[in-house]
Amino acid sequence: KQWYQRRVREFQTFQHYFKRINLSDMAKVQISNVNVLANPAPFSDPFQFEVTIECIDDLPNDIECKIVYVGSAESEQYDQVLDSILVGPVPSGRHMFVFKANAPDPSKIPVADALGVTIVLIICSYLGKEFVRVGYYVNNDYTDPEMRENPPDVPRFDMVQKNILASNPRVTRFKIDWDGQQTTEEQPIAQQNQPSSSHDEPIVQVPPVEMSMDAMAF
């Protein structure tokens, strides 16, 4: 994890992708586990996640899941939707699927952000409303020590390896109306309620100064 410790300051620039959350409102669908597959891997290899969801009620409509690669912390215009799938209708119970997406297009990534730390997101929505996002920090760097010390002016993505910090996902949940009758835009739970320390599940947050190495317990 040495690269993680070297990049701690870079992490702070991505804090707006994650929010303090309150899990006191029960959602009809929970992501109970995510396994990161084929990690680390060459930059050009696909992202692969084994996702387990738990549904407490039958859902007549599809859940939309997408993988988003954050190309730059400076602007969302560099975000790339790598893939999007529909899962459903979803009966109550536990379900598992493997979500695979191609690597991002290097030509759409600013040169200044090609190497170092970024984020990949798994975003799930129902009836067009996002209800959960799972984010992972990703470090992109050369495997050759000499290239790490003296990187070329033009990034050589064929020589870059991506390493996902699989042990420390960041999870944000949003309160939505699962019946689709709500007409106003939902806000993140953090804006509606104070965090509850009495809930069984942990509250996951990005500290304002120092990042935690503790693993998220799904």
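How many residues are in contact (Cβ under 8 Å) with a residue 12 or more places away in the chain, over 13 Å from Pro40 (Cα atoms) and in a loop (DSSP other than H, G, I, E, B) if we restrict to the range 139-152?
Kept after step one, since they are in contact (Cβ under 8 Å) with a residue 12 or more places away in the chain, are these residues of the range 139-152: 139-144, 147, 151.
Applying the additional criterion that residues be over 13 Å from Pro40 (Cα atoms) yields 144, 147, 151.
Retained after the next criterion (residues that are in a loop (DSSP other than H, G, I, E, B)): 144, 151.
Number of matching residues: 2.
Every residue, every condition in (1) touching a residue at least 12 places away in the same chain (Cβ under 8 Å); (2) open to solvent by 60 Å² or more (accessible area, probe 1.4 Å); (3) more than 30 Å from Asp177 (Cβ to Cβ); (4) not in a strand (DSSP E or B), yes or no:
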{"site": "Ser44", "(1), (2), (3), (4)": "yes, yes, yes, yes"}
{"site": "Glu50", "(1), (2), (3), (4)": "yes, no, no, no"}
{"site": "Ile53", "(1), (2), (3), (4)": "yes, no, no, no"}
{"site": "Asp57", "(1), (2), (3), (4)": "yes, yes, no, yes"}
{"site": "Val68", "(1), (2), (3), (4)": "yes, no, no, no"}
{"site": "Ala73", "(1), (2), (3), (4)": "yes, no, yes, yes"}
{"site": "Leu82", "(1), (2), (3), (4)": "yes, no, no, no"}
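Just one of the numbered conditions (1) within 15 Å of Ile53 (Cα to Cα); (2) open to solvent by 60 Å² or more (accessible area, probe 1.4 Å); (3) not acidic (Asp, Glu) is not true of Arg148; which one?
Condition not satisfied by Arg148: (1).
Residue check, Gln12 against (1) among the polar types (S, T, N, Q); (2) open to solvent by less than 60 Å² (accessible area, probe 1.4 Å); (3) at pLDDT 95 or above, all met but one. Which one?
Evaluating Gln12 over (1) among the polar types (S, T, N, Q); (2) open to solvent by less than 60 Å² (accessible area, probe 1.4 Å); (3) at pLDDT 95 or above leaves (3) as the failure.
Among the residues in the range 163-170, are any in a loop (DSSP other than H, G, I, E, B), under 27 Å from Leu59 (Cα atoms) and in contact (Cβ under 8 Å) with a residue 24 or more places away in the chain?
Let us first name the residues in the range 163-170 that are in a loop (DSSP other than H, G, I, E, B), namely 165-169.
Pick out the ones that are also under 27 Å from Leu59 (Cα atoms) and you get 169.
Of the ones still in play, those that are also in contact (Cβ under 8 Å) with a residue 24 or more places away in the chain are 169.
Yes, because at least one residue in the range 163-170 is in a loop (DSSP other than H, G, I, E, B), under 27 Å from Leu59 (Cα atoms) and in contact (Cβ under 8 Å) with a residue 24 or more places away in the chain.
The values are calculated or read from the model by the stated rules, or taken from the named source; none is laboratory data. From a predicted model like this one, the values you see are computed outputs, not experimental measurements. Every residue, glycine among them, receives a Cβ derived from its backbone with ideal geometry; neighbour counts consider all protein chains shown. Note: areas computed on protein heavy atoms with side chains; ligands, DNA, RNA excluded. Shrake-Rupley method; radii C 1.70, N 1.55, O 1.52, S 1.80 Å.
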